[in-house]
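Chemist: Here you go, one structure.
The values are calculated or read from the model by the stated rules, or taken from the named source; none is laboratory data. Note that this is a predicted model, so its numbers are computed, not measured. Here Cβ is always computed from backbone atoms with ideal geometry, including for glycine, and neighbour counts include all displayed protein chains.
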Amino acid sequence: MSFPLLFAAIRNKVPPNDMERVKKHYEQFRVCKVSPLVAHALIDEISLIYRAVLVQSKQISRNDFVKMLRLIVGDALLKLAMAEHQFNVYMTFSL
């Protein structure tokens, strides 16, 4: 389950100020996106170097972001959101 899907699942169950905190930490975690034109122009070697530089420029790691998310939202709500998502996916493909 991607983070944007998870955020959509919990946004109505989390107080707005906590959701803003989650979004702020998520922005610190995310890697800057490259415009499609620039990305298309990069050759494989330069692309690999560029990705390595972007990974190093993250302000917080994925592990640290998940820890913050668990502290802000709570494990019970995260588990519930993931279980609901899995159920919806199961129901979609089983019909």
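Chemist: Quickly run through region 1-19 and pick out the residues that are surrounded by 11 or more Cβ atoms within 10 Å (Cβ to Cβ) and part of a helix (DSSP H, G or I).
Modeler: PHE3, LEU5, LEU6, PHE7, ALA8, ALA9, ILE10, ASP18, MET19
Chemist: Let me ask you something else. Would you pick out the residues in region 57-95 that are more than 15 Å from the chain's Cα centre (by Cα) and not in a helix (DSSP H, G or I)?
Modeler: Within region 57-95, SER57, GLY74, LEU95 qualify.
Chemist: Checking the condition small (Gly, Ala, Ser) and at pLDDT 85 or above, which residue from ALA83, ALA52, ALA39 passes?
Modeler: Of ALA83, ALA52, ALA39, the one residue that is small (Gly, Ala, Ser) and at pLDDT 85 or above is ALA83.
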